[in-house]
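**Student:** Would you mind keeping the following structure in view while I ask a few things?
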Amino acid sequence: MLKMHSDLGRHTKFAEGVEGAITGSSTVRFTHMLYADDLCLTANRPDQLQTMLDRLDRYARRKGLTINTAKSEVVHFNSHGLNVPAFSVGGAPLVSKDSFKYLGMVFYRTYLLNICLDLSRLAVTELGNLRESII
């Protein structure tokens, strides 16, 4: 997860040309999840994820921001943890983890990505419901 400037939602060029991660449907792929200042990048191919990280780093620098690599993590979904590629931002290596928390939900590397996507949709729906009940 990467904490970023809220203006990022209008500037998703970091994902141009990237296929995105496969979900439960062969026709649905996604490259990122963005809610407020929380960003999660997703890709099936390591080179495409590193491309997005490099583009995001350049974008942040142009805006005078720095990606906090101490709070940025990589989770290799549906992997066995052997020979997984390393990723970096601005030359700083990112730590590989078995899980990460996004919008209060924990995603484990053993999950299939379509399950994670379904959980994300449910969380966003519930946040919307909560917001409506407060307003």
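**Student:** Could you rank the peptides 63-76, 38-51 by their average count of other C-beta atoms within 10 Å per residue, with the highest value first? Let's see the in-between values first.
**Tutor:** Numbers: 63-76: 15.1, 38-51: 17.7.
In decreasing order of mean packing, 63-76, 38-51 become 38-51, 63-76.
**Student:** Which sequence of Phe107, Phe77 reflects their accessible areas, 1.4 Å probe, from the largest down?
**Tutor:** Details: Phe107 0, Phe77 55 Å².
Ranked list, largest accessible area first: Phe77, Phe107.
**Student:** Please give me the summed charge of the neighbours of Lys97: other residues whose Cβ is under 9 Å from its Cβ, Lys and Arg +1, Asp and Glu -1. Numbers along the way, then the final one.
**Tutor:** Details: positive: Arg109; negative: Glu73, Asp98.
Net local charge, Lys97 excluded: -1.
**Student:** In the stretch 94-108, whose amide N lies under 16 Å from the spot 7 Å out along Cα-to-Cβ of Phe77? List them in ranges.
**Tutor:** Label zone hits: 97-108.
**Student:** Once label points are set 7 Å from the Cα along Cα→Cβ at both Thr125 and Val95, what is their separation, rounded to one decimal in nm?
**Tutor:** According to this spin-label approximation, the distance is 3.4 nm.
The values are calculated or read from the model by the stated rules, or taken from the named source; none is laboratory data. Since the model is a prediction, treat every value here as computed from it, not as a measurement. Neighbour counts are summed over all protein chains in view; Cβ atoms, including those assigned to glycine, are modelled from backbone coordinates with ideal geometry. The area values use the complete protein model at the heavy-atom level, side chains included, leaving out ligands, DNA and RNA. Shrake-Rupley method; radii C 1.70, N 1.55, O 1.52, S 1.80 Å.
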